[in-house]
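See structure below.
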Amino acid sequence: MTEILSAAVIVGILTSAIRLATPYLFASIGEAFAQTSGVLNLGVDGIMLMGAFSAFYVTLHTGNVWLGALAAMLVGLLMGLLMSLISVTFKAEQGISGIGLYMFGLGLSSLLFKVLVGTVYTISGFPVIKIPFLSQIPYIGQIFFQHSLPVYAAFLLVPLAWWLLDKTTWGLKIKSVGQNPAAADSLGVNVDRVRYFSVCLGAVLAGLAGASLSTALVNLFQENLTAGLGFIAVALVYFGGWRPLGILAGALLFSVVNAFQLWLQVLGVNIQSDVAVMLPYLLTIAVLAFSMNRVRQPAALNKPFERGEN
């Protein structure tokens, strides 16, 4: 047990945590855009699975990780349009629509994997990029500045999302639509257009989250690769209070716990592996219980907008 307290292991856990935070950040910040506009998308995990498979399959056959990432984004966009059509245009129950989208992504990704691939292959994913000078700083360099491009992009997405939501006219429209769509509509804001944009942006980022799993973290695809990570991403939105910085804090918390349980298994600590794997999910339950009592969600979240209604 004393091995866990060594400097090498602590640095290893923190380095792994930074990497593992990548899909959390992409998916949860994307979901924050959708929820801020008033649309609850519980299909994030299904979109991630389709994005992960698309990126893996394209990279496997072309050797180009950039084409793989583009494929994941396009698939995410298509699934975002489907979610928008069902929830915004047809005004179906958003929770049920999202679960349906998740099941669709889970089933289709498994089917495509069995038919088109058949077995687990490893690929050459995004290479590690060491930031000059910064990567040479003892401990700090290894933890923060020796990662692949998707890892850096995920963390840069946090201030970008903050700026878009808080400092731009479009961000104010997203917030107004999520708080009071009738008032926004009376001021000339196209509620459906804003929600379509927000849901599709969130789906594109969820697709990238899946791509980061299959082409930057594990460099392979297997059935149910996400293992419910998309639902944790939804929980992180609540934990972070629909704010990018809060989501970043939550993503780091979850990734540290996840990295810790992985290192417990690597070091052969006398603990049941099933118990260790459960830790992030137990934390999810605790986070939801805590977050629902301390934050106020967008007033129009999960409420279809009908023009003329108050």
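The values are calculated or read from the model by the stated rules, or taken from the named source; none is laboratory data. Remember, predicted model here, so these are calculated numbers, not experimental data. Cβ placement follows ideal geometry from the backbone for every residue including glycine, while neighbour counts extend to all protein chains displayed.
To keep it simple, each residue is scored yes or no on (1) closer than 30 Å to Ile13 by Cβ; (2) of a type in the set (A, V, I, L, M, F, W, C); (3) surrounded by 13 or more Cβ atoms within 10 Å (Cβ to Cβ); (4) in contact with a Leu (Cβ under 7 Å, 6 or more places away or on another chain).
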residue	(1), (2), (3), (4)
Gln94	no, no, yes, yes
Phe104	no, yes, yes, no
Val120	yes, yes, no, yes
Pro132	yes, no, no, no
What residue, of Val199, Val204, Val189, is closer than 27 Å to Ala299 by Cα and in contact with a Lys or Arg (Cβ under 7 Å, 6 or more places away or on another chain)? Val189
Selected residue [farther than 17 Å from Asp45 by Cβ, among the small types (Gly, Ala, Ser), out of contact with any strand residue (DSSP E or B) (no Cβ under 7 Å at 6 or more places or on another chain) and at pLDDT 95 or above] from Gly202, Gly188, Gly178: Gly178
Going through region 109-123 one residue at a time, which ones are over 22 Å from Leu217 (Cβ atoms) and aliphatic (A, V, I, L, M)? Leu111, Val115
Just one of the numbered conditions (1) in contact with a Leu (Cβ under 8 Å, 6 or more places away or on another chain); (2) crowded, with 24+ Cβ neighbours inside 10 Å is not true of Val75; which one? (1)
Residue under evaluation Ile29, criteria (1) touching a helix residue (DSSP H, G or I) at 6+ places or on another chain (Cβ under 6 Å); (2) farther than 13 Å from Leu205 by Cα, criterion not met: (2)
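Any residue in region 121-134 that is in a helix (DSSP H, G or I), in contact (Cβ under 8 Å) with a residue 40 or more places away in the chain and hydroxyl-bearing (Ser, Thr, Tyr)?
Step one: filter region 121-134 for residues in a helix (DSSP H, G or I), giving 134.
Narrowing further to those that are in contact (Cβ under 8 Å) with a residue 40 or more places away in the chain: none.
Within region 121-134, not a single residue is in a helix (DSSP H, G or I), in contact (Cβ under 8 Å) with a residue 40 or more places away in the chain and hydroxyl-bearing (Ser, Thr, Tyr).
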Test result for Leu213, crowded, with 24+ Cβ neighbours inside 10 Å, part of a helix (DSSP H, G or I), in contact with a Ser or Thr (Cβ under 8 Å, 6 or more places away or on another chain) and at pLDDT 95 or above: yes
Condition check: touching a helix residue (DSSP H, G or I) at 6+ places or on another chain (Cβ under 9 Å) and either under 29 Å from Leu108 (Cα atoms) or buried (at least 17 other Cβ atoms within 10 Å of the Cβ) (or both). Does Leu267 satisfy that? no
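What residue, of Arg307, Arg294, is modelled with pLDDT of 75 or more, assigned to a loop (DSSP other than H, G, I, E, B) and surrounded by fewer than 18 Cβ atoms within 10 Å (Cβ to Cβ)? I'd like the intermediate steps shown before the answer.
On the way: Arg294 fails: modelled with pLDDT of 75 or more.
Unique residue meeting the criteria: Arg307.
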So Ala249 ticks every box in (1) aliphatic (A, V, I, L, M); (2) modelled with pLDDT of 95 or more; (3) surrounded by fewer than 24 Cβ atoms within 10 Å (Cβ to Cβ) but one. Which box is left unticked? (2)
